[in-house]
Amino acid sequence: MRALRRTRVAVFLAVRSLVRGNAGVSLMSIAMMTAVFISVMFLPSLIAGATDALNLQLVGTLTGDLSVTASSGVTISGATSYLGQIRATEGVVAATGIRRVGSQVSHGSDSVTGGVDAVDPASYAQVFTTPWHMIEGRWLSAGDKHSIVLGIGVAGAGQTKLRTYASSLKTVHVGDTVEVTLLDGQRHTFVVQGIYENSFPLSDLGAFTTVADADSLISTTNISDEIRKAFDALDRLTSALGTAADQSSSLAAGANGVASAAGSLASSARTVASSASSVDSAAGTLATNAGSIATSTAALTTAAQQLAGALARAKGDLAAPAVASAKQSATSAAAVAQSAASLASTCPASAPTYCAAVAGHASIARAAAAAAASSTAATRTLAAALSQASASATTLAAQLASLSKGTAAMADAATQLANGTTSLASGTKNLAVASDQVHESTLAVARSATDLSDALTTSVQNAEGPSRATREDTLAKLDSAATVPGKDSVTRIVISVAAGADASTVTSRLQPLRDDIQFQSPAQLAAAIQDQLDTFDLINSIMRILSLLVAAITVLIITFVDLTNRRRQIGIERAIGIRSAAIVGSYVLKSMVTALIGTILGWLIFRFVLMPLVLRHPFQFPTGPVALASVPGVTRANVVILLVVAAVAALLPAIRTVRMRILDAIWGN
C-alpha cells in the first residue's frame, strides 16, 4: 500500500510539474530527446537501407538467389542438360548460365578491362533485372549477331558526371562498334545493341553478348594443352636440329667429295672435248677420202660395166666366127692332108721326084692339118676364155656396182660422222664448261653445307628451351589458370528461388545432381562488401553510444538545472511529509515521459518526413543509391534504451537533491 501510495504521489508530482512547470525546459528536453532519437535511428536505418539496396542489387543484377560454380577448374560442362535439371527442381523459379568469354572492350584509344559474358537473353531476363534498366537501345535477342550490350560504366555514353566516366569508353552509344578481346586472344568487332544502368557500379561494368554469337567466334583451344604441344614440338625440333646438324656435317663431307669428283669430271670433260675436236678433224678427212673413194669406185664400176659389154660383144662378134673358121680351116686342112696322103700313096714310083714332092706336100698338109686342128683347139679355148672373161667382167661390173653403192653409203656415213663429231665436239666443249660450273656449284654447296652444319649446331644449343622443372611449373600454373570455355559450358549458373522458398533447401535438392559443383549465396559472393557493412555496424555502435551519452548528459543537465531551481519546493514537499522516494520517482517519471514524447515525435519525423525525403534524394554510396530503411527491432531497442538513459540521467541528480537537509533546501543553501 505504501509503495502504491508513493507511486501515486510520484505520478501526481510528475504531472503537476509537467503542467505547471517551465514549458521551455520541457520543450527543450523533448526537442533534445527527439534529436537524439533521430540521431540513433538515422545511421542504423542508413546501414539497413544500404544493406537492403545492396542485397537487391546483388540478387537482381549479380548473384541471384543462388550461384553455382565448378568445384574444380573453371567451367561447368554439359550446361544445357544440367540447367534443365535445375529448372525442374522444386523451389527453382528460373536459372540461367553465364559464360565468361572476353577480357577487354576497346573503342578508339580507350579500353576497359573487365569481363565479357555470353548469355541466353531470354533466361537471363528471367533471373536478373538488368534487361529492364536499358537507357539506350534494347536488350539482346537470340537472333542477334556480333551484337553487344554494355553497362554505363563501360560505355560512358557521354555522361561525364559518372564516377567511373574517366575509366570508361566515354562516348560510346548504341550503333557504335567496339573491339572485344576474347579469352583466346582473338579480337572481334561488335555493334553496341544497348546500354543499361542499374545504378550499381559493380554490375554497371558488365558487357554481354549471346551464347550463339560466342559459339561462332570463340576458339575452344586449351592453352595448357597447346603449350604442352609446343614444348613437345620444341623437343622434336631440338632432336630434328641435332639430326639435321649431323646430316649437314655428312652433307658437307659428301659435298666436298662431290666437289672433288666434279673437278675430276671437269678435267675429264676438257680432255674429252679435246679428243672430240681431234675426232671431228679426222672424221672430216675421212669424209673427204670416203667421197673420193666413192667417186673412184663409181668410175671403176662404169669402166667394168664397159669392159663387160665389150667382152660380151667380142664373144658374140669374134669368138663364134673364129671357132667356125678355125674348124673349117682344120677340116679343110685335114681334107688336104688326106688328099695329099692319098696322092702320096698312089704316087708312082716312077716319079720319085714327084712322089717325093707329093710326099713333102702330104707332110706339109698333115703339118698344116695338125696346125689347123691345134688352131681350132686354141680358138675354142680362146672363145671359152673370152666367154669366161665376159662373165667375169659382168660379175666384176656387178660387184663394182655394189662396191660403188657401199662406198657412196660409206661417204654418206662419213659425212654424217663428220657432222656428228662436230656436234660431239661442240657438246663436249659445253660439257666441259658445264662441268666447270658444276665444280664451282659443288664447292659452294660444300661451303653452304659447312655453314649450315655450324648454324644447326648453334641452333641445337639455343633451342633446348626451358628446363623440365620450369616446364612442369608453367604447365601446372596454366592448368590451374582460366581456360577458354567450350561450347555447352558455363562459367557459372545463377538461380532464382521461389518467394518463400529457402535457398538452403533448394541447395540440398540440387546437390545430388552433380558432385563437381559448389553453391554460393549472395552473402558469400559479396564478402568484401559485407566487410564494409561490418565497418558501418561498428561506426553505428560508436555513434549510438555517443548519441546516448549526449542524451544522458543532456537529461542530466536539464534535470540538475530543474532540481536546482526547485530545491526550495522540494524542501517544502519534504517538510509536509512527502517521501524522498516519491519526489525522486516524480522526476524520473517526468524525464521518461519527456523521453517518450521525444522518441514518439522523433519517430514521426523520421518515418514521415526524413525517410520520404531521402527516398526522393537518396545517398550515393559506392554500391549505388541508398535510402533509409525502417528497422522495427532497432526502433524498439532505441526507445527502450533512451527511456532507460533518461531515467538513469534523472535519477542521479534527484537522489543527490533529496539527500539535502530540509532547512538547507528551503533556505536555498
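The values are calculated or read from the model by the stated rules, or taken from the named source; none is laboratory data. Small disclaimer: the values here were computed from a predicted structure and weren't measured. FYI the Cβ positions are ideal-geometry reconstructions off the backbone, even for glycines, and counts take in every protein chain you see. For accessibility, only protein heavy atoms count, side chains too; no ligands or nucleic acids. Shrake-Rupley method; radii C 1.70, N 1.55, O 1.52, S 1.80 Å.
Some observations on this one:
- The slack between GLN518 and THR302, meaning 0.36 nm per residue of separation minus the straight C-alpha distance, is 65.4 nm.
- Listed residues ILE600, ILE605 arranged by accessible area, highest first, probe 1.4 Å: ILE600, ILE605
- Amide H partners (placed H, <5 Å) of VAL172, local residues excluded: ALA157, GLY158
- Rolling a 1.4 Å probe over the protein heavy atoms leaves ARG447 with an accessible area of roughly 140 Å².
- With the charge dipole of the range 107-227 set up from +1 on Lys and Arg Cβ and -1 on Asp and Glu Cβ about the Cα centre, the Cα lying farthest toward the positive end among the listed residues VAL211, HIS173, HIS146 is that of HIS173.
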